[in-house]
Amino acid sequence: MQTLERLELRWQERHFFTEQMALLLEAGISLTKALQLLANYSQRRRLQFLFQELEKSVMAGRALSTVLAKAPKSFSHLYLALIRVGEQSGQLPAVFHYLESLERTERERGEMIRKALRYPLTVFIVALGVLLFILTAIVPTFESIYRASGEPLPLLTQKVIDFSHFLFSSQLLYGITSLLILFWGMIRLYRAQGRFRYAFDRMVLEIPFLGSILQEGLIVRCAVVLHLMLQSGVTLVNAMKLFANSVENLYQKERLEAMIVDLSAGNSLHQSAIKSGLMSDVALTMISIGEVSGELEIIMGRIADYHSARLKGRIEGLIALIDPLSLLLIGALVGVMLIALYLPLFNIGAAL
C-alpha cells in the first residue's frame, strides 16, 4: 500500500510537481484548486497519489509543508524549509519558482558533467579491455620466447610479466575480495558521520578543481537561500540555520554552524563569513556592501548570479581537461606496455 512515508519521487517527478505548482500559483489559482487540477490530470501514479493526498490534507486545514514533510524520501529539509517560509510570508508562488529554477540548474550541471564523462569513460573501458587482452594473451607468448633465449629480462618487462602471472593466480581473487571489503568498510564509516566522514569531506574540498566546484556550489546555494528567506522576512540567523541543516558536507556544515554562533553573538555576517573561510573575496566584499547599505537580500541575489556563472565556468574548465588527460593516461599505459614487451628485443639487437 502506497503511503507518503514510502513515497520516493524521481527527479523528473519532483521537478514536474515543483514546476506545475509554480505555474498555477503564479497564475493566481488557489492552492487547493491547483492541487485538485493536478490530481485530476496527472498521468503518473506516484504524482497522482501525491496530489490527491495533498489535496485532502490541505482541504482539511493542514499546511502544505506539514504534509510534504511526511515524504522525506522525496523532499529535502531545504525544500521543506523554503515551502514553510513561503507559507508564512505569503510568497509560496515565488518559492516554488525559485525551487524549480534551483533544481533545474543543478540538474543541468549534473547532466553536463555526466555527458562529459561518457566519452573518456568509454575510451577507458575499451583501453582496459585491450590491456587485459595484452596481459593475458600476448604477454605469455612473449614470455615463452624470451625464456627460451635465456637472456636476463629488463626490470620493466619482468614487472609486466609478473603482473600477467598475478592475473592468472588465486591472489587476484584475494585482492579483489580485500578491496571490496575495504570499500564496504569505508562506506559504512562514511555513513556513520563520524571522524572518518568529517576527514573525508574536508579532504574532498582540497582536491584541485573538484574542491573549488563544491565550494562555489555552496556559495551559490547559500546566496539563493538567504536572498529568498531575507526577502520573505526570515531573520538572518534562522535563515542560516535552515541552510546549514541542508548541507551534507560535515566540514562545511561545521563552519556554517560556527557562523551561526557568531551571528547569534551579535557579529556581522561579513565578520562571521571571514572566520568561516567558506566565502570568496568577491562574496565577502559584496556582503559588506549589502550590510552597510541595508540591502543584504538584494546583494545575496547578485552574489548567487555571479558565483553561478563562475561555477559554470569552472565545470566547463574541468570538462575541457578530462578528455586530453584521459587520452594521455591511456596512451601512457599502452606505451609503457609496448615498451616493456619490445625492450628485450632492443637489448638483444644491441648485443648482436
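Values in this text are rule-based calculations from the coordinates and carry no lab data. Worth saying up front: this structure is predicted, and the values here are computed from it rather than measured. All Cβ positions, even for glycine, are placed from backbone atoms using ideal geometry, and neighbour counts span all protein chains on display.
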Tell me, what is a quarter of the convex hull surface for the C-alpha atoms of region 11-75, in nm² with one decimal?
-> 4.1 nm²
Cα to Cα, under 20 Å, and not fewer than 8 places away if on the same chain: which lysines meet these conditions relative to K33?
-> K56
For region 11-75, with +1 on Lys and Arg beta carbons and -1 on Asp and Glu, the positive-most of I29, F16, S74 along the dipole = S74
For mean projected area of the Cα convex hull in nm², which listed value, (1) 25.0; (2) 30.5; (3) 16.5, comes from the coordinates shown?
-> (1)
Computed for region 71-187: size of charge dipole around the Cα centre, +1 on C-beta of each Lys and Arg, -1 on C-beta of each Asp and Glu, debye to nearest 20, value 140 debye
Summing -39500 (n - 2.57) over the DSSP H runs of n ≥ 4 in the chain and dividing by its residue number, what mean residue ellipticity at 222 nm do you reach, to the nearest 500 deg cm²/dmol?
-> -27000 deg cm²/dmol
Along the three principal axes, how long is region 113-237 when you take its alpha carbons, biggest first, rounded to the nearest angstrom?
-> 84, 32, 21
In region 257-352, the GluC sites (Glu not before Pro) that fall in loop regions by DSSP, at most 14 other Cβ within 10 Å | E295
